[in-house]
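S.K.: Next up is a structure, given as structure tokens.
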Amino acid sequence: MRSGDELRAPFGYVARRYIRPVEINTIFHVMPGTKSLTFGNFGCDLACPYCQNAYISQAIRDGRDDQTPIDVTAEELADEAVRERCSTVCAAYNEPMISVEWVRAVFEASKQRGLKTAVITDGHTTPEALGYLRPVLDVFRVDLKAHDEASYRTLGGELGAVWASVEHARELGLWVELVTLLVPGLNDSADAIRSIARRIAALDPDIPWHINGFLPRYRMKDRPATPPSLLVDAAGIGYGAGLSYVYASNVATLVELGHTRCPRCASNVLERADYRLARSTLRDGACGACGARIAGVFD
């Protein structure tokens with residue numbers, strides 16, 4: 001925000017922070033089975049009518065006065081992560097790239113303590129902001145919300161900007177995972193799903209793609225939840241496009257679609273239940289059955 005001649009950025013506080021399995025951030029190929037300290041602030045560049053974190057991400061737009069900032073230093077957050085035996089510190093819940101100075105401070109303190117770092121972002125950023133964060137950033141996890149510019153504009157975003165940031169993140173050597181929530185009337189047609197899958201595959205078939213089911217919430221409580229059958233079909237489209245790792249992991253009846261399978265022999269390498277690792281046959285980043293390398297950050 002601007003105050004007179006000063007441009008002020010969020011710093012020294014969080015709206016929420018939690019200690020949870022890293023997988024709950026919909027990151028499946030980074031230190032699986034370990035814990036993460038995940039923090040978030042207020043505000044967002046988009047206005048998604050189905051946002052599950054609207055109580056903080058949209059608090060300013062909605063004029064809410066029931067949410068209070070929690071004062072904390074970057075060092076205190078990093079020390080808490082170490083104390084709780086986390087492997088990663090993640091910036092999430094709102095759009096972290098709008099407070100990149102604060103995120104960098106937290107990540108600098110985290111890297112000094114040997115932790116991995118991740119942003120859970122909608123992908124709207126600039127090369128300058130991403131380059132500024134890169135020295136202390138390991139993972140760029142993006143919500144890829146739609147398949148065309150018209151759909152993105154209804155949310156306040158631009159598809160081209162998102163793909164540009166994904167490509168730039170990969171050029172910078174960051175690990176990338178993508179998530180698409182299938183929202184009724186926005187991106188749940190077969191053509192939309194196929195378009196996204198093909199574009200990911202053209203970039204790199206080893207990028208994990210998470211296809212999640214919509215639940216009625218915030219300003220879209222009148223829409224039906226995504227049927228499990230559509231998630232199954234979408235996963236099939238993803239694999240049919242040539243992707244190596246496709247997931248549908250937020251529907252209890254589709255547990256099998258939350259597992260990581262070896263692209264070579266199809267055996268389960270990482271098995272999950274409710275975003276928690278239940279079983280692993282991973283051996284030094286490779287399939288325990290056939291020895292094929294599994295893409296990810298596992299050290």
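The values are calculated or read from the model by the stated rules, or taken from the named source; none is laboratory data. Everything numeric here is computed off the predicted structure, so don't read it as measured data. Note that each Cβ is placed from the backbone with ideal geometry, even for glycine, and that neighbours are counted across all protein chains shown. Quick note on the areas: whole protein, heavy atoms, side chains included, nothing else; ligands and nucleic acids left out. Shrake-Rupley method; radii C 1.70, N 1.55, O 1.52, S 1.80 Å.
S.K.: Once fully extended, how much extra length lies between residue 154 and residue 203, figured as 0.36 nm per residue of separation less the alpha-carbon to alpha-carbon distance?
M.R.: Gain on extension, residue 154 to residue 203, equals 15.1 nm.
S.K.: Treat each spin label as a single point 7 Å out from the Cα along the C-beta direction, and report the residue 215 to residue 13 distance in nm.
M.R.: It works out to 2.8 nm between the two label points.
S.K.: 7 Å from Cα along Cα→Cβ at both residue 266 and residue 62: what's the point-to-point distance in nm?
M.R.: Once both label points are built, they end up 4.5 nm from each other.
S.K.: I've got another one for you. Only four residue types carry charge here, +1 at the Cβ of Lys and Arg and -1 at the Cβ of Asp and Glu. Report the dipole size of the stretch 127-236 about the Cα centre in Debye, rounded to the nearest 20. It would help to have the intermediate numbers written out before the result.
M.R.: Values: 12 positive and 15 negative charges, 81 e Å.
For the stretch 127-236, the charge dipole is close to 380 debye.
S.K.: Over the C-alpha atoms of the stretch 41-138, what are the Rg and the largest Cα-to-Cα span, Dmax, in Å?
M.R.: Every Cα atom of the stretch 41-138 included, Rg and Dmax give 14.0, 39 Å.
S.K.: Treating the beta-carbon of each Lys and Arg as +1 and of each Asp and Glu as -1, no other charges, what is the dipole magnitude of the chain about its Cα centre, to the nearest 20 debye? Please report the intermediate quantities before stating the final value.
M.R.: Details: 33 positive and 37 negative charges, 154 e Å.
About 740 debye.
S.K.: Continuing with this model, one more query. Percent antiparallel among DSSP beta bridges with both residues in the chain, to the nearest 5?
M.R.: Of the beta bridges lying entirely in the chain, close to 40 percent run antiparallel.
S.K.: Let me ask something else. On average, how much accessible surface per residue is there in the chain, in Å², for a 1.4 Å probe, leaving out ligands, DNA and RNA?
M.R.: Per residue, the chain has 44 Å² of solvent-accessible surface.
S.K.: Let me ask something else. If the chain between residue 24 and residue 278 were fully stretched, how many nm would it gain, using 0.36 nm times the residue separation less the Cα-Cα distance?
M.R.: So the extension gain works out to 90.1 nm.
S.K.: In whole Hz, with x marking every Gly and Pro, tabulate ³J(HN,Hα) for the stretch 37-51 from phi via Karplus 6.51 cos²θ - 1.76 cosθ + 1.60, θ = phi - 60°.
M.R.: Calculated HN-Hα couplings, in order: 8, 10, 10, x, 10, 9, x, 7, 7, 9, 9, 5, x, 10, 4 Hz.
S.K.: Using mean Cβ contacts within 10 Å as the protection proxy, how do 125-137, 272-284, 23-35 order, highest first?
M.R.: 23-35, 125-137, 272-284
S.K.: Roughly what % of DSSP beta bridges within the stretch 144-299 run antiparallel, to the nearest 5?
M.R.: 55
S.K.: Kindly rank 5-16, 83-94 from highest to lowest mean number of other beta carbons found within 10 Å of each residue. Working shown, then result.
M.R.: On the way: 5-16: 13.1, 83-94: 21.8.
Taking the mean over residues of other Cβ atoms within 10 Å, the ranking is 83-94, 5-16.
S.K.: In the stretch 22-111, with Lys and Arg counted as +1 and Asp and Glu as -1 at Cβ, which of these residues, 47, 34, 92, has the Cα nearest the positive end of the dipole, that is, farthest along it?
M.R.: Toward the positive end, the furthest listed residue is 34.
S.K.: Taking only C-alpha pairs under 8 Å that are 6+ residues apart, what is the relative contact order of the chain in percent?
M.R.: Relative contact order of the chain: 14 percent.
S.K.: Could you tell me the distance between the Cα centroids of the stretch 133-211 and the stretch 224-299, to the nearest Å?
M.R.: Using only Cα atoms to place each centre, the spacing works out to 18 Å.
S.K.: Spin-label point model (7 Å from Cα, Cβ direction): what's the residue 108 to residue 71 distance in nm?
M.R.: Between residue 108 and residue 71, the label points sit 2.1 nm apart.
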